[in-house]
Amino acid sequence: MCASSGVFGGHRVILAPMAGVSDPVFRLLCTEAGADVAFTEMVSAKGLSYANEKTRHLVDLLPQEGRVGVQLFGHEPDTMAEQARWVEAELGERLAWLDINMGCPARKIVKKGDGSALMKDPAAASAIVSAVKGAATHPVTVKFRRGWSEEAGEAAPLFARRMQEAGADAVTVHGRFAMQFYQGSSDAGCIARVKEAVTIPVIGNGDVACGTDAVRLLEETGCDAVMVGRAAQGNPLVFADIQAALEGKAALPPPALEDRIALARRHVDGLLAIRPRAAAYLRKHAMWYLHGAPHAAVARGKLAHCSTQEEFHAVFDEVLRAQAGTGGPHAAPSL
Ligand SMILES: Cc1cc2nc3c(=O)[nH]c(=O)nc-3n(C[C@H](O)[C@H](O)[C@H](O)COP(=O)(O)O)c2cc1C
(Lines give C-alpha, C1' and ligand atoms only; values in the text may rest on other atoms or scores of the structure.)
Protein backbone atom coordinates (compact mmCIF):
# COMPACT_ATOMS: atom_id res chain seq x y z
CA MET A 1 0.00 0.00 0.00
CA CYS A 2 1.51 3.31 -1.06
CA ALA A 3 1.45 6.08 1.53
CA SER A 4 1.09 9.15 -0.71
CA SER A 5 -1.86 11.32 0.22
CA GLY A 6 -2.48 12.77 -3.23
CA VAL A 7 -3.47 16.26 -4.27
CA PHE A 8 -6.69 18.25 -3.81
CA GLY A 9 -8.72 15.66 -1.97
CA GLY A 10 -6.61 12.59 -2.62
CA HIS A 11 -6.01 12.42 -6.37
CA ARG A 12 -2.88 10.32 -6.84
CA VAL A 13 -2.97 9.31 -10.50
CA ILE A 14 -3.49 11.89 -13.21
CA LEU A 15 -3.68 11.69 -17.00
CA ALA A 16 -1.22 14.24 -18.41
CA PRO A 17 -2.29 17.01 -20.76
CA MET A 18 -1.31 15.92 -24.27
CA ALA A 19 -1.88 18.17 -27.26
CA GLY A 20 -3.43 16.26 -30.13
CA VAL A 21 -4.14 13.25 -27.90
CA SER A 22 -6.32 14.11 -24.87
CA ASP A 23 -9.76 14.13 -26.48
CA PRO A 24 -12.87 13.64 -24.31
CA VAL A 25 -13.36 9.94 -25.12
CA PHE A 26 -9.72 9.16 -24.41
CA ARG A 27 -10.05 11.00 -21.09
CA LEU A 28 -13.18 9.01 -20.25
CA LEU A 29 -11.48 5.68 -21.05
CA CYS A 30 -8.54 6.65 -18.84
CA THR A 31 -10.67 7.69 -15.87
CA GLU A 32 -12.83 4.58 -16.20
CA ALA A 33 -9.64 2.51 -16.07
CA GLY A 34 -8.37 4.27 -12.94
CA ALA A 35 -7.03 7.79 -13.58
CA ASP A 36 -8.33 9.98 -10.74
CA VAL A 37 -8.35 13.09 -12.91
CA ALA A 38 -7.77 13.57 -16.63
CA PHE A 39 -6.42 16.73 -18.21
CA THR A 40 -7.47 18.44 -21.39
CA GLU A 41 -4.69 19.19 -23.80
CA MET A 42 -3.12 22.63 -23.41
CA VAL A 43 -5.53 25.39 -24.39
CA SER A 44 -4.38 28.75 -25.73
CA ALA A 45 -5.58 31.58 -23.50
CA LYS A 46 -5.20 33.91 -26.47
CA GLY A 47 -7.32 31.60 -28.65
CA LEU A 48 -10.03 31.55 -25.97
CA SER A 49 -9.89 35.33 -25.71
CA TYR A 50 -10.69 35.54 -29.45
CA ALA A 51 -13.63 33.19 -28.83
CA ASN A 52 -11.96 30.89 -31.33
CA GLU A 53 -14.38 27.97 -31.77
CA LYS A 54 -11.64 25.40 -32.33
CA THR A 55 -9.93 26.46 -29.13
CA ARG A 56 -13.17 26.50 -27.16
CA HIS A 57 -13.96 22.95 -28.27
CA LEU A 58 -10.85 21.78 -26.42
CA VAL A 59 -12.74 22.22 -23.17
CA ASP A 60 -15.90 20.42 -24.31
CA LEU A 61 -16.69 17.58 -21.94
CA LEU A 62 -18.73 14.43 -22.41
CA PRO A 63 -21.84 14.30 -20.21
CA GLN A 64 -20.53 11.15 -18.53
CA GLU A 65 -17.03 12.51 -17.86
CA GLY A 66 -16.01 13.22 -14.30
CA ARG A 67 -14.17 16.35 -13.24
CA VAL A 68 -11.33 17.35 -15.53
CA GLY A 69 -8.22 19.46 -15.25
CA VAL A 70 -7.81 22.25 -17.79
CA GLN A 71 -4.37 23.47 -18.81
CA LEU A 72 -3.92 26.99 -20.18
CA PHE A 73 -0.91 28.34 -22.00
CA GLY A 74 0.09 31.90 -22.73
CA HIS A 75 2.32 34.64 -21.39
CA GLU A 76 0.01 37.61 -20.80
CA PRO A 77 -1.07 37.67 -17.14
CA ASP A 78 -4.35 39.51 -17.83
CA THR A 79 -5.38 37.25 -20.69
CA MET A 80 -4.50 34.16 -18.66
CA ALA A 81 -6.52 35.47 -15.69
CA GLU A 82 -9.55 36.38 -17.81
CA GLN A 83 -9.56 33.05 -19.59
CA ALA A 84 -9.12 31.14 -16.32
CA ARG A 85 -12.33 32.84 -15.23
CA TRP A 86 -14.01 31.92 -18.52
CA VAL A 87 -13.03 28.26 -18.08
CA GLU A 88 -14.38 28.29 -14.53
CA ALA A 89 -17.67 29.79 -15.66
CA GLU A 90 -17.93 27.32 -18.54
CA LEU A 91 -17.10 24.16 -16.58
CA GLY A 92 -18.36 25.07 -13.11
CA GLU A 93 -18.32 22.10 -10.76
CA ARG A 94 -16.85 19.91 -13.44
CA LEU A 95 -13.49 21.66 -13.30
CA ALA A 96 -11.03 19.88 -10.98
CA TRP A 97 -8.29 22.49 -11.17
CA LEU A 98 -6.48 24.80 -13.56
CA ASP A 99 -2.92 24.24 -14.67
CA ILE A 100 -0.53 26.65 -16.35
CA ASN A 101 1.82 25.24 -18.97
CA MET A 102 5.42 26.26 -18.40
CA GLY A 103 6.96 23.09 -19.79
CA CYS A 104 6.09 22.82 -23.47
CA PRO A 105 9.32 22.91 -25.50
CA ALA A 106 7.71 23.14 -28.97
CA ARG A 107 9.32 25.88 -31.05
CA LYS A 108 6.09 27.57 -32.07
CA ILE A 109 5.10 27.87 -28.39
CA VAL A 110 8.47 28.90 -26.98
CA LYS A 111 9.12 31.57 -29.58
CA LYS A 112 6.09 33.51 -28.35
CA GLY A 113 7.37 33.37 -24.77
CA ASP A 114 4.88 30.65 -23.76
CA GLY A 115 5.45 27.15 -22.34
CA SER A 116 8.97 26.35 -21.18
CA ALA A 117 10.26 29.79 -22.25
CA LEU A 118 8.72 30.98 -18.97
CA MET A 119 11.26 28.93 -17.03
CA LYS A 120 13.87 31.40 -18.31
CA ASP A 121 11.87 34.31 -16.91
CA PRO A 122 10.68 33.46 -13.39
CA ALA A 123 9.41 37.02 -12.82
CA ALA A 124 7.08 36.76 -15.83
CA ALA A 125 6.05 33.28 -14.73
CA SER A 126 5.27 34.54 -11.22
CA ALA A 127 3.18 37.41 -12.60
CA ILE A 128 1.05 34.91 -14.55
CA VAL A 129 0.52 32.68 -11.52
CA SER A 130 -0.42 35.64 -9.28
CA ALA A 131 -2.86 36.96 -11.87
CA VAL A 132 -4.53 33.58 -12.40
CA LYS A 133 -4.67 32.93 -8.67
CA GLY A 134 -6.21 36.36 -8.15
CA ALA A 135 -8.94 35.58 -10.68
CA ALA A 136 -9.67 31.91 -10.09
CA THR A 137 -11.57 30.16 -7.33
CA HIS A 138 -10.27 26.68 -8.20
CA PRO A 139 -6.78 25.48 -7.29
CA VAL A 140 -4.06 26.63 -9.67
CA THR A 141 -1.05 24.47 -10.49
CA VAL A 142 2.00 24.98 -12.69
CA LYS A 143 3.57 22.28 -14.87
CA PHE A 144 7.20 22.66 -15.86
CA ARG A 145 10.38 20.78 -16.60
CA ARG A 146 13.73 20.26 -14.92
CA GLY A 147 14.99 23.46 -16.49
CA TRP A 148 15.59 24.99 -19.88
CA SER A 149 18.70 23.07 -20.92
CA GLU A 150 21.41 20.91 -19.47
CA GLU A 151 23.92 23.72 -20.09
CA ALA A 152 21.77 26.19 -18.18
CA GLY A 153 21.43 23.67 -15.35
CA GLU A 154 18.63 22.43 -13.15
CA ALA A 155 16.22 25.23 -12.34
CA ALA A 156 13.16 23.31 -11.15
CA PRO A 157 13.60 23.46 -7.34
CA LEU A 158 14.11 27.23 -7.24
CA PHE A 159 11.47 27.78 -9.91
CA ALA A 160 9.01 25.67 -7.90
CA ARG A 161 9.64 27.84 -4.84
CA ARG A 162 8.98 30.97 -6.90
CA MET A 163 5.72 29.46 -8.14
CA GLN A 164 4.71 28.63 -4.58
CA GLU A 165 5.48 32.21 -3.49
CA ALA A 166 3.39 33.48 -6.42
CA GLY A 167 0.44 31.48 -5.14
CA ALA A 168 0.54 28.10 -6.91
CA ASP A 169 -1.38 25.41 -5.04
CA ALA A 170 0.78 22.57 -6.41
CA VAL A 171 3.39 21.98 -9.09
CA THR A 172 3.95 19.22 -11.62
CA VAL A 173 7.52 18.47 -12.65
CA HIS A 174 8.66 16.47 -15.66
CA GLY A 175 12.27 15.51 -14.96
CA ARG A 176 13.70 16.39 -18.38
CA PHE A 177 15.12 19.69 -19.57
CA ALA A 178 13.00 21.47 -22.17
CA MET A 179 15.77 21.16 -24.74
CA GLN A 180 15.88 17.40 -24.18
CA PHE A 181 12.35 17.17 -25.56
CA TYR A 182 11.79 13.43 -24.97
CA GLN A 183 15.37 12.23 -25.21
CA GLY A 184 17.20 10.52 -22.39
CA SER A 185 15.27 9.73 -19.27
CA SER A 186 13.31 11.74 -16.77
CA ASP A 187 15.36 12.48 -13.65
CA ALA A 188 13.54 11.36 -10.51
CA GLY A 189 16.19 13.07 -8.37
CA CYS A 190 14.99 16.41 -9.70
CA ILE A 191 11.44 15.66 -8.57
CA ALA A 192 12.80 14.78 -5.10
CA ARG A 193 14.70 18.09 -4.98
CA VAL A 194 11.55 20.00 -5.94
CA LYS A 195 9.67 18.20 -3.20
CA GLU A 196 12.29 19.34 -0.70
CA ALA A 197 12.16 22.91 -1.96
CA VAL A 198 8.42 23.51 -1.47
CA THR A 199 5.64 22.87 1.00
CA ILE A 200 2.83 22.65 -1.59
CA PRO A 201 2.08 19.23 -3.14
CA VAL A 202 4.28 18.00 -5.99
CA ILE A 203 3.05 15.88 -8.87
CA GLY A 204 5.84 13.76 -10.35
CA ASN A 205 5.89 13.17 -14.10
CA GLY A 206 8.08 11.44 -16.63
CA ASP A 207 8.51 7.86 -17.84
CA VAL A 208 5.87 6.25 -15.61
CA ALA A 209 4.83 3.26 -17.70
CA CYS A 210 3.30 0.86 -15.15
CA GLY A 211 2.25 0.46 -11.54
CA THR A 212 5.76 -0.46 -10.41
CA ASP A 213 7.14 2.76 -11.93
CA ALA A 214 4.44 4.82 -10.23
CA VAL A 215 5.07 3.36 -6.78
CA ARG A 216 8.83 3.75 -7.24
CA LEU A 217 8.48 7.42 -8.23
CA LEU A 218 6.20 8.16 -5.27
CA GLU A 219 8.48 6.37 -2.82
CA GLU A 220 11.83 7.59 -4.17
CA THR A 221 10.88 11.23 -4.51
CA GLY A 222 8.22 11.71 -1.85
CA CYS A 223 5.98 13.29 -4.50
CA ASP A 224 2.27 13.39 -3.73
CA ALA A 225 0.84 12.13 -7.02
CA VAL A 226 1.98 10.85 -10.40
CA MET A 227 1.04 12.11 -13.83
CA VAL A 228 1.13 9.71 -16.79
CA GLY A 229 1.24 10.65 -20.46
CA ARG A 230 2.64 8.47 -23.22
CA ALA A 231 2.10 5.15 -21.46
CA ALA A 232 -1.65 5.74 -21.67
CA GLN A 233 -1.61 6.11 -25.45
CA GLY A 234 -3.29 2.97 -26.76
CA ASN A 235 -3.35 1.65 -23.21
CA PRO A 236 -5.76 3.45 -20.85
CA LEU A 237 -5.63 0.25 -18.77
CA VAL A 238 -2.20 1.36 -17.53
CA PHE A 239 -4.22 3.25 -14.91
CA ALA A 240 -5.76 0.01 -13.63
CA ASP A 241 -2.25 -1.38 -13.15
CA ILE A 242 -1.16 1.79 -11.35
CA GLN A 243 -4.16 1.76 -9.00
CA ALA A 244 -3.54 -1.93 -8.26
CA ALA A 245 0.10 -1.20 -7.42
CA LEU A 246 -0.88 1.71 -5.16
CA GLU A 247 -3.16 -0.66 -3.28
CA GLY A 248 -0.27 -3.09 -2.86
CA LYS A 249 -1.73 -5.65 -5.27
CA ALA A 250 0.24 -7.72 -7.78
CA ALA A 251 0.97 -6.25 -11.21
CA LEU A 252 -1.83 -6.86 -13.69
CA PRO A 253 -1.01 -8.92 -16.78
CA PRO A 254 -0.60 -6.83 -19.94
CA PRO A 255 -4.06 -6.17 -21.38
CA ALA A 256 -5.24 -8.76 -23.89
CA LEU A 257 -5.50 -7.65 -27.50
CA GLU A 258 -9.27 -8.21 -27.31
CA ASP A 259 -9.50 -5.72 -24.44
CA ARG A 260 -7.37 -3.14 -26.22
CA ILE A 261 -9.45 -3.49 -29.34
CA ALA A 262 -12.65 -3.15 -27.31
CA LEU A 263 -11.31 0.18 -26.04
CA ALA A 264 -10.25 1.19 -29.54
CA ARG A 265 -13.80 0.52 -30.78
CA ARG A 266 -15.29 2.66 -28.01
CA HIS A 267 -12.79 5.41 -28.74
CA VAL A 268 -13.63 5.42 -32.45
CA ASP A 269 -17.40 5.16 -31.97
CA GLY A 270 -17.50 7.66 -29.12
CA LEU A 271 -15.44 10.32 -30.82
CA LEU A 272 -17.02 10.01 -34.27
CA ALA A 273 -20.41 10.41 -32.58
CA ILE A 274 -19.43 13.88 -31.32
CA ARG A 275 -16.84 14.81 -33.95
CA PRO A 276 -17.85 13.24 -37.26
CA ARG A 277 -14.70 14.56 -38.94
CA ALA A 278 -12.27 13.03 -36.44
CA ALA A 279 -11.39 9.95 -38.51
CA ALA A 280 -7.96 11.18 -39.55
CA TYR A 281 -7.20 12.16 -35.96
CA LEU A 282 -8.34 8.75 -34.70
CA ARG A 283 -5.95 6.83 -36.93
CA LYS A 284 -2.99 7.41 -34.64
CA HIS A 285 -4.95 6.34 -31.56
CA ALA A 286 -6.11 3.22 -33.41
CA MET A 287 -2.51 2.40 -34.32
CA TRP A 288 -1.46 2.76 -30.69
CA TYR A 289 -4.16 0.31 -29.57
CA LEU A 290 -2.82 -2.26 -32.03
CA HIS A 291 0.78 -1.89 -30.91
CA GLY A 292 2.36 -5.34 -30.82
CA ALA A 293 -0.66 -7.08 -32.40
CA PRO A 294 -0.03 -9.78 -35.01
CA HIS A 295 0.53 -8.19 -38.40
CA ALA A 296 0.33 -4.75 -36.79
CA ALA A 297 2.39 -3.19 -39.58
CA VAL A 298 -0.13 -4.33 -42.17
CA ALA A 299 -2.98 -3.14 -40.00
CA ARG A 300 -1.32 0.25 -39.63
CA GLY A 301 -1.16 0.55 -43.39
CA LYS A 302 -4.91 -0.09 -43.55
CA LEU A 303 -5.72 2.26 -40.68
CA ALA A 304 -3.94 5.05 -42.51
CA HIS A 305 -6.83 5.00 -45.01
CA CYS A 306 -9.75 4.59 -42.62
CA SER A 307 -12.33 7.33 -42.93
CA THR A 308 -15.45 5.75 -41.49
CA GLN A 309 -16.46 3.88 -38.37
CA GLU A 310 -17.10 0.75 -40.46
CA GLU A 311 -13.61 0.86 -41.94
CA PHE A 312 -12.00 1.08 -38.50
CA HIS A 313 -14.10 -1.83 -37.24
CA ALA A 314 -13.23 -3.92 -40.29
CA VAL A 315 -9.52 -3.51 -39.53
CA PHE A 316 -10.08 -4.36 -35.85
CA ASP A 317 -12.07 -7.47 -36.89
CA GLU A 318 -9.28 -8.57 -39.19
CA VAL A 319 -6.64 -8.12 -36.51
CA LEU A 320 -8.69 -10.27 -34.15
CA ARG A 321 -9.11 -12.89 -36.85
CA ALA A 322 -5.36 -12.84 -37.51
CA GLN A 323 -4.75 -13.29 -33.80
CA ALA A 324 -7.20 -16.18 -33.61
CA GLY A 325 -5.17 -17.79 -36.37
CA THR A 326 -7.98 -17.96 -38.90
CA GLY A 327 -6.33 -19.21 -42.03
CA GLY A 328 -3.38 -20.75 -40.15
CA PRO A 329 -0.93 -19.35 -37.64
CA HIS A 330 1.42 -17.70 -40.13
CA ALA A 331 -1.02 -17.19 -42.93
CA ALA A 332 -0.51 -14.02 -44.87
CA PRO A 333 -3.08 -11.71 -43.37
CA SER A 334 -5.99 -10.63 -45.48
CA LEU A 335 -5.41 -7.32 -43.71
C1 LIG B 1 1.88 14.06 -27.86
C2 LIG B 1 2.20 14.80 -26.60
C3 LIG B 1 1.55 15.99 -26.35
C4 LIG B 1 1.82 16.71 -25.18
N5 LIG B 1 1.13 17.85 -24.91
C6 LIG B 1 1.31 18.48 -23.72
C7 LIG B 1 0.50 19.59 -23.35
O8 LIG B 1 -0.44 19.98 -24.06
N9 LIG B 1 0.77 20.20 -22.17
C10 LIG B 1 1.78 19.77 -21.34
O11 LIG B 1 1.98 20.34 -20.27
N12 LIG B 1 2.53 18.72 -21.66
C13 LIG B 1 2.31 18.05 -22.81
N14 LIG B 1 3.03 16.94 -23.09
C15 LIG B 1 3.96 16.43 -22.09
C16 LIG B 1 3.26 15.42 -21.16
O17 LIG B 1 2.22 16.05 -20.45
C18 LIG B 1 4.27 14.82 -20.17
O19 LIG B 1 4.82 15.85 -19.39
C20 LIG B 1 5.41 14.08 -20.87
O21 LIG B 1 4.92 13.29 -21.93
C22 LIG B 1 6.18 13.20 -19.89
O23 LIG B 1 5.34 12.25 -19.31
P24 LIG B 1 5.31 10.72 -19.82
O25 LIG B 1 6.71 10.21 -19.75
O26 LIG B 1 4.38 10.04 -18.87
O27 LIG B 1 4.81 10.74 -21.23
C28 LIG B 1 2.78 16.22 -24.26
C29 LIG B 1 3.43 15.02 -24.53
C30 LIG B 1 3.14 14.31 -25.68
C31 LIG B 1 3.85 13.01 -25.92
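Below are the figures for this structure:
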quantity: Breaking point among (1) within 15 Å of the ligand (Cβ to nearest atom); (2) in contact (Cβ under 8 Å) with a residue 12 or more places away in the chain; (3) surrounded by fewer than 23 Cβ atoms within 10 Å (Cβ to Cβ), for Gly47; calculated: (2)
quantity: Helices (runs of 4 or more DSSP H) fully within segment 20-133 counting 3 or more residues that are out of contact with any Cys (no Cβ under 9 Å at 6 or more places or on another chain) and more than 22 Å from Asp169 (Cβ to Cβ); calculated: 24-33, 45-49, 53-57, 107-110
quantity: Residues of segment 190-212 classified as more than 9 Å from the ligand (Cβ to nearest atom), closer than 21 Å to Ala231 by Cβ and not aliphatic (A, V, I, L, M), total; calculated: 5
quantity: Pairs with Cβ under 7 Å, 6+ apart, first in segment 185-199 and under 13 Å from His174 (Cα atoms), second away from the ligand (no atom under 16 Å from the Cβ) and of a type outside the set (Ser, Thr, Tyr); calculated: Cys190/Glu154; Ala192/Gly222; Arg193/Pro157; Val194/Pro157; Lys195/Gly222
quantity: Yes/no for Arg162 being in contact with a helix residue (DSSP H, G or I) (Cβ under 6 Å, 6 or more places away or on another chain) and part of a helix (DSSP H, G or I); calculated: yes
quantity: Any hit, segment 76-96, residues being in contact with a strand residue (DSSP E or B) (Cβ under 6 Å, 6 or more places away or on another chain), buried (at least 23 other Cβ atoms within 10 Å of the Cβ) and closer than 25 Å to Leu218 by Cβ; calculated: yes
quantity: Restricting segment 229-248 to residues that are crowded, with 24+ Cβ neighbours inside 10 Å and among the aliphatic types (A, V, I, L, M), the residue that is nearest to the ligand (Cβ to nearest atom); calculated: Ala232
quantity: Sole residue being of a type in the set (Lys, Arg) and touching a residue at least 60 places away in the same chain (Cβ under 8 Å), chosen from Arg283, Arg266, Arg277; calculated: Arg266
quantity: Cβ pairs under 8 Å, 6+ apart, first in segment 133-145 and assigned by TED's automatic domain parsing to the domain that holds Ala188, second modelled with pLDDT of 95 or more and of a type in the set (Ser, Thr, Tyr); calculated: Thr141/Thr172; Val142/Thr172; Lys143/Thr172; Phe144/Ser116; Phe144/Thr172; Arg145/Ser116
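The values are calculated or read from the model by the stated rules, or taken from the named source; none is laboratory data. This structure is a prediction, so every number in the text was calculated from the model and none was measured. Positions of Cβ are backbone-derived with ideal geometry, glycine not excepted, and every protein chain shown enters the neighbour counts.
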